[in-house]
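Working notes, beginning with the structure itself.
The values are calculated or read from the model by the stated rules, or taken from the named source; none is laboratory data. Just so it is clear, the structure is predicted and the values come from calculations on it, not from any experiment. Don't worry about glycine lacking a Cβ; one is built from the backbone with ideal geometry, like all the others, and counts go over all protein chains shown. Protein only, heavy atoms only, side chains kept; ligands, DNA and RNA dropped before computing areas. Shrake-Rupley method; radii C 1.70, N 1.55, O 1.52, S 1.80 Å.
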Amino acid sequence: MDPTAGDPGQPENHERRNVNLGAADPAGNTRPGPVLAYVRPSAAADAKKRVWPRRLGLIIFVVFCMEVGIMLAVLPWKQVWISNPLVIKYPALRAFLGHFFVRGLFSGLGLVDLWIGIWEAVHYSEE
């Protein structure tokens with residue numbers, strides 16, 4: 001039997017270690033000796049496993065915020081904003097989206113979205 005192989009009765013997230021807990025001889029005296037024990041991985045090891053998914057999630061979130069923010073900040077001031085196939089069928093919606101106030105509102109939302117993405121990237125911590 002392989003001594004490094006895990007016991008099938010133990011959970012997979014536990015590791016085997018020889019721990020010097022001491023053993024009693026027949027006379028009742030305690031003498032040091034290795035004892036096989038199952039030890040749960042430390043919190044640092046668990047935290048290290050969760051760092052990369054958090055980093056990847058942050059990168060995806062920041063890129064998404066930057067893309068949506070740039071699109072919302074720039075697109076309302078382009079001609080395609082009021083002359084695309086989705087809006088051309090509805091003249092009232094086209095007139096509403098053509099107002100400078102509405103264009104500014106969407107551009108402001110885009111700037112806020114850019115700010116959120118940058119703020120999240122700058123204030124990221126691995127705690």
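Summary table below
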read-out: Efficiency of FRET between residue 109 and residue 50 - r from beta-carbon atoms, R0 41 angstrom, step 0.05; value: 0.80
read-out: J(HN,Hα) series, region 86-93, from Karplus relation 6.51 cos²θ - 1.76 cosθ + 1.60, nearest Hz, glycine and proline x; value: 6, 9, 5, 6, 10, x, 5, 5
read-out: Length added when fully stretched, residue 97-residue 66, from 0.36 nm per residue minus Cα-Cα; value: 8.9 nm
read-out: Net charge, residue 103 excluded, C-beta distance under 13 Å - Lys, Arg +1, Asp, Glu -1; value: +2
read-out: Largest-first ordering by accessible area, 1.4 Å probe, given options 122, 68; value: 122, 68
